[in-house]
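These notes are about the structure you will find just below.
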Amino acid sequence: MTAEAIRPAATVILTRPTATGPQVLMGQRGAGAAFMPSKYVFPGGAVDADDGWTGPLPLAAACAARLASAPVPAPALVGAACRELAEETGLTFRPGAAALRFVFRAITPPGRSRRFDACFFLADAAGLAGDPDDFSAASDELSHLHWIGLAEARSLDLPFITEVVLAEVTNLMNGGDQPGVPFFDNSGTVPTFRRLI
């Protein structure tokens, strides 16, 4: 039996400030989805062969350096993140406004129906073109797209890794430090955790 291939993937965690605290954008995967059915997730998905980014990368130098060990080059990850955001939510960044911060990486454990090496990017909704509440151009891959407070999001039906990412984002949004990007590495037989410095 051959091992399940691990595909590179990218995810965007959109945030926006409100009077009651920061919100994140989440949607629910379909009940019939092969991967994480019915779970609430951030927009994202696998990197396609033609994903890329032209021009200066919307990443700080430290983020680009931490992506050096990723399975595909940073421009492909950034391109995939922005493409998936547009497809799944209908939202796009204004030209030159996509300021992304690499905040998390995780490889799906063995035995799952799909396996991904996913890089998570944090972005402010202020960089979006148009109305951040207008999901009329979204595909049907995610339903119940909505903005939700960080604390309230924890009550949703979340995959384990999304809970961990949400805790990391909550820390960052509250002004916490990040001594390197957390990396949950399940590529081998023994799960490992380390930080990408």
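The values are calculated or read from the model by the stated rules, or taken from the named source; none is laboratory data. All values reported here derive from a predicted model rather than from experimental measurement. Cβ coordinates were reconstructed from backbone atoms using ideal geometry, including for glycine residues, and neighbour counts include every protein chain displayed. Ligands, DNA and RNA are excluded from the accessible area calculation, which covers all protein heavy atoms including side chains. Shrake-Rupley method; radii C 1.70, N 1.55, O 1.52, S 1.80 Å.
Exactly one residue out of ALA74, ALA68, ALA31, ALA62 is among the aliphatic types (A, V, I, L, M) and within 17 Å of the chain's Cα centre (by Cα): that is ALA74. Return yes when PHE121 is open to solvent by less than 70 Å² (accessible area, probe 1.4 Å) and closer than 22 Å to ALA61 by Cβ and no when it is not. Judged against the criteria, PHE121 is a match.
Selection within the stretch 2-13: residues that are of a type outside the set (S, T, N, Q) and open to solvent by 10 Å² or more (accessible area, probe 1.4 Å). The member of this set that is nearest to PHE104 (Cα to Cα) is PRO8. Scanning the stretch 78-92 for residues being touching a strand residue (DSSP E or B) at 6+ places or on another chain (Cβ under 8 Å), open to solvent by 20 Å² or more (accessible area, probe 1.4 Å) and either small (Gly, Ala, Ser) or modelled with pLDDT under 95 (or both) gives a total of 1.
Quick check on my filter: what residues within the stretch 58-77 are part of a loop (DSSP other than H, G, I, E, B), of a type outside the set (Gly, Ala, Ser) and open to solvent by less than 60 Å² (accessible area, probe 1.4 Å)? Once the filter is applied, which keeps residues that are part of a loop (DSSP other than H, G, I, E, B), of a type outside the set (Gly, Ala, Ser) and open to solvent by less than 60 Å² (accessible area, probe 1.4 Å), the stretch 58-77 yields PRO58, VAL72. For the stretch 37-51, a residue qualifies if it is more than 11 Å from GLY79 (Cα to Cα) and not small (Gly, Ala, Ser), and the qualifying residues are PRO37, LYS39, TYR40, VAL41, PHE42, PRO43. Taking the stretch 113-197 as the region of interest, the strands (runs of 3 or more DSSP E) fully inside it that hold 1 or more residues being free of Cβ contacts under 8 Å to residues at least 40 places away in the same chain and over 21 Å from ARG83 (Cβ atoms) are 192-196.
Looking only at residues of the stretch 14-36 that are under 17 Å from LEU122 (Cα atoms) and in a strand (DSSP E or B), we find that the one that is most open to solvent (accessible area, probe 1.4 Å) is ARG16.
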